[in-house]
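To keep things clear, I will list the structure first and then write my remarks on it.
What follows is calculated from the coordinates using simple rules that are stated; it is not laboratory data. The structure presented is a predicted model; accordingly, all values stated were derived computationally and were not measured. Virtual Cβ from ideal backbone geometry, glycine too; neighbours counted across all protein chains shown.
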Amino acid sequence: MSAGKGTPAGEARNALITGSSRGLGRAIALALAGRGDRVAVHYVRGEAAAREVAEQVRAAGGVAEVFGADVSDPAACRQLVEDVTQALGGLDVLVNNAGITRDTLALRMKPEDWQSVLDTNLSAAFHLSKAALRGMLRAGFGRIVNISSIVGIRGNVGQANYVAAKAGLIGLTKALAREYGARSVTVNAVAPGFIESDMTDALPDEVRQSYLKQIPAGRFGRPADVAAAVAFLASEEAAYINGQTLPVDGGMVMP
């Protein structure tokens, strides 16, 4: 059953990580499973990759189930939460990680490219959170972590849709935190900076070097860096952290 109020620290929770067949989502799923949580590995198109993540969790002695859903569809979001809750016996932790890009300058951006990014990167987080909150409130415990980005804080050229969605996640985080913080449900965001990935590996070296010069830590981030921050915010120890956005960027953006 889902863990509720009064559950001893360290007891396994049930966690759904959207977009967890690869990249940041995969690292987050493995990190949560590594601390003992039962994880729902979600994918949109990468079913084989999602099953590999689940098998890796099981091979290490953990519990993982695989779910496919198009989170740009509100009805699919509701069904996903229902399916995960039924399969795992509850839902205690929701990590809204799924995202897409449709980059181009604003004057060239097609309406459908604007809308698809907002639907997947922002609206999905609202619909999933809304569905998950009902069970969390009944259980007296919940953790929602939204994966934003430092571009949602500082902006970026050629990403008006992506920046708007990531900034919107920060606003959504604050609103939900104020609405439900008094009921043992926390809502926080993590804002990754330049994180190593297949996409960033494909950038020209001069572009990579220009970013590297902006990072006081002197290196690019790794998915595990982001996963560690998410795991903390989803833990018992982070019970008094609510409505915050934690940059994981090596100091690239400082208030």
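Below, the figures for the structure above:
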quantity: Only Lys, Arg (+1) and Asp, Glu (-1) charged, at Cβ; the range 14-245 dipole about Cα centre in debye; calculated: 540 debye
quantity: For Gln244, distant residues with modelled amide H under 5 Å away; calculated: Ala189
quantity: Given charges at Cβ of Lys, Arg, Asp, Glu: the chain dipole, positive-most of Ser116, Tyr240, Ala132; calculated: Tyr240
quantity: Antiparallel content of DSSP bridges confined to the chain, in %, to 5; calculated: 0 percent
quantity: Peptide ranges 45-55, 227-237 listed from the most packed, as the mean C-beta count within 10 angstrom indicates; calculated: 227-237, 45-55
quantity: Neighbour net charge for Tyr162 - beta-carbon separation under 9 angstrom, K R +1, D E -1; calculated: +1
quantity: Sum of -39500 (n - 2.57) over DSSP H runs of 4+, divided by residues of the chain (222 nm, nearest 500); calculated: -13500 deg cm²/dmol
quantity: Net charge contributed by nearby residues that have their C-beta within less than 12 Å of Leu88 (K/R +1, D/E -1); calculated: -3
quantity: Order of Asp113, Asp198 - criterion: other Cβ atoms within 10 Å of each residue's Cβ, fewest first; calculated: Asp198, Asp113
quantity: Under the span-like rule (Cα at least 20 Å along the axis, Kyte-Doolittle mean at least -1.0), DSSP H helices of the chain; calculated: 74-88, 124-139, 160-180
quantity: Cα-based equivalent ellipsoid of the range 41-113: semi-axis lengths in Å, sorted from largest, via gyration tensor; calculated: 29, 16, 10
quantity: Formal net charge of residues neighbouring Cys77 (Cβ-Cβ distance under 12 Å; K, R +1; D, E -1); calculated: -3
